[in-house]
Structure formats: C-alpha cells, structure tokens
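The values are calculated or read from the model by the stated rules, or taken from the named source; none is laboratory data. Owing to the predicted nature of the structure, the values given are computational and were not obtained by experimental measurement. Here the Cβ positions follow ideal geometry from the backbone for every residue, glycine too, while neighbour counts run over all protein chains shown. Please note that ligands, DNA and RNA were not included when accessible areas were found on the heavy atoms of the full protein model with its side chains. Shrake-Rupley method; radii C 1.70, N 1.55, O 1.52, S 1.80 Å.
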Number of protein chains: 2
Amino acid sequence: MLCPVARVYCRCTDSREGDVAQQARAVATRNAIVEAAAAEFIEHGFAGASIADIAQRAGATKGAMYFHFRSKELLAQAVIDRQRELNDELQDKFASSDLSALAILVSMVHALGDLMRDDVVALAAMRLAVEVPEGGDDRGPTYDAWAAPTSAVISHAIAQGDVRDTIDPEVLSRFLVAAFTGVQTASFASTRLEDLMDRLHEMWTVLLPGIVAPGREHVIPDILQRA
Amino acid sequence: MLCPVARVYCRCTDSREGDVAQQARAVATRNAIVEAAAAEFIEHGFAGASIADIAQRAGATKGAMYFHFRSKELLAQAVIDRQRELNDELQDKFASSDLSALAILVSMVHALGDLMRDDVVALAAMRLAVEVPEGGDDRGPTYDAWAAPTSAVISHAIAQGDVRDTIDPEVLSRFLVAAFTGVQTASFASTRLEDLMDRLHEMWTVLLPGIVAPGREHVIPDILQRA
C-alpha cells in the first residue's frame with residue numbers, strides 16, 4: 001500500500017486504524033534501517049552485510065526489521081529505489097534550468113558526484129551497482145535508468161549545436177554512465193572519494209574536445225568551470 | 001622462498017629435500033586453489049566467498065589450503081599478483097610491436113578486454129579492484145599499476161604526433177583506467193561481458209576525436225578497427 005507519510009510502498013498502512021503519529025514513527029524507523037543498510041553495504045558489500053548488524057546500527061528491534069524488510073534483497077532494493085528518487089529530483093531541478101543542454105549535462109554529473117559524497121544511500125546504490133550480482137540478479141537496468149535521461153539531454157545539446165551531430169546520443173550516454181561509474185569506483189578505492197571532483201573535472205577535460213561541435217570550442221572553458 | 005617451479009613466493013620449497021615432482025604437484029594444487037578462489041570471488045565477492053567453498057571447488061584438502069594460503073586476504077593477493085603478471089606479459093608483447101603508440105594503446109585495451117573474458121583470474125582481479133576494500137585495505141595501488149605504463153604509451157603517441165600535445169598523459173591514462181573499469185563493470189552487470197568488446201569500441205568512438213591531434217584525423221578509421 002502507498003504510505004501517505006513516506007510516499008513509498010510500505011507496510012505501515014496495512015492497518016486502517018494506524019494513526020499518523022504511529023505511521024510517522026514507522027517511517028522514521030524504516031528510513032533509519034535503510035540508512036544503516038546503506039552504511040553496511042558500503043563497508044562490507046552486499047554479500048558481507050548482515051541483517052543483524054544492520055538492525056544493530058539502526059537501533060531497530062528484530063520485530064521492526066522483520067516488519068519493514070524480510071530479506072537483504074529487499075533492503076538493497078530500497079537503497080536502489082531511494083537513489084532513483086534522488087536521481088529524479090536532480091533531473092527535475094535541472095529540467096527548469098535555463099542553462100544550455102551541454103552545461104546541464106556537465107552540471108548533472110557534477111551534482112551526482114556531490115550526491116555520492118554527501119548521501120550514504122546514493123553511494124551505497126552505486127556500490128551495489130558495481131558489485132557482483134548473485135545468481136540471476138540483473139543490475140543492468142540500474143545502468144539503463146541512468147543512461148536514458150542522459151541520452152535525452154545529449155540529443156538536446158546536439159539540437160542546440162553545441163555537441164557534434166556525428167555523436168550517437170545513446171552511445172555517448174551509455175559511455176558516460178560507465179565512465180562515471182569507473183571514475184567514482186577508482187576514486188573510492190584510492191581516496192574514499194576525496195579526489196572525486198578533481199577526477200570528474202579531468203574526465204571532462206579529456207571528453208569535451210571530442211564532443212563539442214566544430215566552431216563551438218569557445219564554450220569549453222565556461223563548461224569546464226561547471227565540471 | 002622463491003619457488004623454482006612456480007617462480008612465485010611459495011612455501012613448497014621450505015623443505016630442502018622436496019623433489020621436483022613433489023614441487024610440481026604443490027604448484028598444480030596452488031594454481032587450482034587460486035583459480036577456484038577467483039571463481040568464488042566473481043560469484044560471491046570477496047566478503048561473500050568462503051575458504052571452505054574455495055577448497056571444495058579446487059578439490060583441495062584443508063591441509064593443502066592451510067599450507068598454501070592461511071587467509072582469504074592472501075588468496076586475494078595471489079589473484080591480484082597473477083593479474084599483474086598477465087598484465088606485464090601483455091605489455092611485453094606490445095613493447096616489441098612496430099605499431100604506432102596510439103595503435104598500441106587501443107590494441108592493449110582490446111587485449112585487456114579479451115583477457116577479462118578468457119581468464120577467470122584476470123576477471124576476478126578486476127572484480128576485487130571495484131569491490132569495497134575492508135577496513136584499511138587500499139586498492140588504489142591497483143589502479144596506479146595500470147595507469148603508469150599506459151601513461152608512457154600516451155607520451156610516446158604525443159611524441160609521434162598522433163595525440164594532441166595539449167593532453168596530459170597522466171590525466172588521460174588515469175581516466176582511461178577508470179573508464180575501462182566502468183565499461184567492464186557495466187558490461188558485466190548487464191550481459192556478463194558478452195557486449196564488452198562492443199562497449200569498448202564505443203568508448204574509442206567517443207574518445208578518439210578528442211585525443212587525436214589536429215591534422216591526424218585520417219588515422220582514426222584504422223585505429224578504430226583495432227578497438
């Protein structure tokens with residue numbers, strides 16, 4: 001059932017008698033559990049994280065854990081869902097911007113980098129995406145979810161004349177998502193993301209000369225300032 | 001002690017009386033254990049892999065496991081060491097090539113992609129590099145080990161006039177290592193590496209126009225054929 005407080009599918013509204021205060025408490029507990037799960041996934045990976053450690057970190061009882069999440073898979077899904085919400089919010093923010101589409105593309109990647117550094121759930125979702133999925137699990141859709149909106153912004157930048165029309169938006173967006181993933185992963189392994197923003201700036205230094213349309217090279221310095 | 005058969009540090013030569021046949025058996029067992037560990041790391045990640053499952057997969061006794069590897073960390077290190085050997089062999093192969101440095105750069109990335117698809121130990125080393133290191137472990141040096149030789153090839157390509165002299169070889173090599181990591185990770189998550197070579201080709205389609213020196217664009221089609 002769609003929870004009126006958390007605006008997510010949540011078992012806290014199963015009882016019609018549940019009052020709003022009770023629902024709010026349930027939502028707070030649920031959020032604490034999701035954040036604790038994120039922290040444990042980052043530290044130990046999906047396979048190494050344990051439900052007991054997540055409960056302890058969240059200060060949640062066994063009963064509360066079982067009420068909200070019956071498995072580690074459901075916790076991972078909640079982390080990924082929350083990252084998608086954050087991602088959608090990010091895109092909404094830029095949708096109303098009057099920047100050029102190319103500036104939006106670069107600024108969105110920058111904002112996503114900031115998000116990874118500031119939000120434990122966003123970072124955990126990225127760590128889950130690069131981890132080895134068990135058995136038949138398919139994390140491919142996670143990458144597609146990032147690539148599709150990126151492709152739309154690139155098409156817009158081509159229409160505005162800033163990006164070469166020889167570029168296939170789907171190819172570039174698929175590569176950008178993979179490159180961001182790799183830069184973030186290498187930065188995490190080397191410096192726990194301390195150098196992430198510098199590495200993303202370097203990424204654009206390498207990419208922009210090959211992406212920007214001939215005759216539009218003068219926009220590069222301004223765009224790089226956003227990277 | 002340096003093992004005369006495996007040419008690695010190995011306890012099989014601790015006894016001066018050990019004959020060559022016995023050493024060869026020990027090396028075969030050691031290699032079987034490293035391959036089994038690689039397969040388990042790929043399937044379950046470092047945190048999720050268990051020494052017992054690795055022993056069972058390798059058909060090794062508890063005694064043999066303890067003789068060769070006293071911890072999972074040592075198994076991970078053996079996998080990473082083996083990947084470095086394979087990487088060095090790859091670089092030696094290209095060092096004697098008469099291709100241009102730019103063609104070598106692109107061909108080396110292609111060969112590394114092939115290696116990930118063909119060699120379970122090489123793939124496992126990459127999976128370990130993107131996984132979350134526990135506690136104080138630092139996987140940064142793994143990325144540096146890939147970036148340093150790549151940087152040398154890029155410097156060579158700049159000297160040969162194929163790559164723009166505005167490019168900082170260290171910046172490009174650091175980005176290439178990260179981008180390869182990301183492309184490989186996304187391809188693994190989506191298709192278990194089935195589309196890896198297509199995705200690497202796309203990577204070069206995006207990168208080459210921004211890397212190749214003005215006036216040298218005519219080399220791009222030939223270079224792309226190697227990607």
#### Entry: Candidates A:150, A:166, filtered to the one that is over 26 Å from residue B:169 (Cβ atoms), in contact (Cβ under 8 Å) with a residue 12 or more places away in the chain and of a type outside the set (Asp, Glu)
A:150
### Task
Check residue A:189 against each of (1) more than 7 Å from chain B (Cβ to nearest Cβ); (2) free of Cβ contacts under 8 Å to residues at least 24 places away in the same chain and name the one condition it does not meet.
(1)
### Message
Any residue that is aromatic (Phe, Trp, Tyr), in contact (Cβ under 8 Å) with a residue 24 or more places away in the chain and either assigned by TED's automatic domain parsing to the domain that holds residue A:105 or open to solvent by 50 Å² or more (accessible area, probe 1.4 Å) (or both) - is there at least one of those in the range A:169-179?
### Response
no
### Query
What tally of residues in the range B:182-227 results from selecting those that are farther than 15 Å from residue B:107 by Cβ, open to solvent by 10 Å² or more (accessible area, probe 1.4 Å) and of a type in the set (Val, Ile, Thr)?
3
#### Entry: Residues that are farther than 28 Å from residue A:41 by Cβ, modelled with pLDDT of 90 or more and open to solvent by less than 30 Å² (accessible area, probe 1.4 Å), drawn from the range B:15-42
B:33
### Qualifying positions in the range B:43-66 - closer than 10 Å to residue B:29 by Cα, open to solvent by 30 Å² or more (accessible area, probe 1.4 Å) and under 23 Å from the mean Cα position of the chain (by Cα)
none
### Summary
Listed by range, helices (runs of 4 or more DSSP H) wholly within the range A:67-135 having at least 2 residues that are among the basic types (Lys, Arg) and either in the same structural domain as residue A:26 (by TED's automatic domain parsing) or open to solvent by 40 Å² or more (accessible area, probe 1.4 Å) (or both) are A:72-95
## Note on the structure
Residues of the range B:162-173 being in a helix (DSSP H, G or I) and either modelled with pLDDT under 95 or of a type in the set (A, V, I, L, M, F, W, C) (or both), in sequence order, are B:171, B:172
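Look through B:159, B:147 and report the one residue that is open to solvent by 10 Å² or more (accessible area, probe 1.4 Å) and modelled with pLDDT of 95 or more.
Within the list B:159, B:147, the selection yields B:159.
With more than 14 Å from every other protein chain (Cβ to nearest Cβ) and at pLDDT 90 or above as the only criterion, which of A:105, A:115, A:123, A:90 stands out? Quick ask: steps written out before the conclusion?
Values: A:105 fails: more than 14 Å from every other protein chain (Cβ to nearest Cβ); A:123 fails: more than 14 Å from every other protein chain (Cβ to nearest Cβ); A:90 fails: at pLDDT 90 or above.
Just one listed residue meets the conditions, A:115.
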